[in-house]
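S.K.: Here it is: the structure, laid out below.
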Amino acid sequence: MQYFVVMIDYGRRGREAIVDPEMTRRDVVSRIASGEYTNISFIHEIAERSVEDVTDDLLAEAALPEFPLTGANLQANTLDHARDLRKHEPV
C-alpha cells in the first residue's frame, strides 16, 4: 500500500493533514499546481513500512516551466508598453 500525507499549515488556525489512500503522486502534483494545496508544511510518501519526505520533489514537479521570451514576444511587449504610455499621457 502506498499513499501521500500532505500537511497544510493554516497559521494560528492550526494544521491539517490530508490523507487519501486513492490519491496518486500525479493527483498531488496536480492539486499543488492548481493552487488547491497552498502553505504546505511537508509531503510524506508512505510505502509499505517506510516514510519518505518528497516535499521538494513534488513542489518542483508542480512548478510551471518558464519559457524565455523570443524576439517576437520582446517586440510585442515593447509595442504594448509604448501604447500604454501613450494612453496614459496627460492631455
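S.K.: Could you sort the peptides 80-87, 36-43 by per-residue average Cβ neighbour count (10 Å cutoff), highest mean leading?
M.R.: Highest mean packing first, the order is 36-43, 80-87.
S.K.: Where the eigenvalues come from the Cα gyration tensor of the chain, what are the semi-axes √(5λ) of the equivalent ellipsoid, largest first, in whole Å? Intermediate results must be reported in sequence, preceding the final value.
M.R.: Numbers: eigenvalues 364, 62, 17 Å².
Calculated on Cα positions only, the semi-axes equal 43, 18, 9 Å.
S.K.: Further question: Among 77, 3, 54, pick out the residue whose Cα is farthest towards the positive end of the charge dipole of segment 2-87, where Lys and Arg carry +1 and Asp and Glu carry -1 on C-beta, about the Cα centre.
M.R.: 77
S.K.: Under the definition of Cα pairs under 8 Å and six or more residues apart, what whole-number percent is the relative contact order of segment 2-87? Spell out each step's value before the answer.
M.R.: Values: 94 pairs, mean separation 23.1, N = 86.
It rounds to 27 percent for segment 2-87.
S.K.: Compute the Cα gyration tensor for segment 1-54, then decide on rounded, prolate or oblate, letting a ≥ b ≥ c be the square roots of its eigenvalues: rounded whenever a/c is under 1.5, prolate when a/b is larger than b/c in the other cases, and oblate in all that remain.
M.R.: Oblate.
S.K.: Which residue fluctuates the most in the chain, going by a Gaussian network model with Cα springs under 10 Å, if the choices are 25, 15, 49?
M.R.: Of the options given, 49 has the highest mean-square fluctuation.
S.K.: With springs connecting C-alpha atoms under 10 Å apart, model the chain as a Gaussian network and identify which of 71, 35, 14 has the largest mean-square fluctuation.
M.R.: Maximum fluctuation in the GNM of the chain, among the listed residues, is at 71.
The numbers here are math on the coordinates, done by the rules we state, and not lab data. These numbers come from a predicted model, not from an experiment. Neighbour counts run over all protein chains shown; Cβ positions are idealised from the backbone, glycine included.
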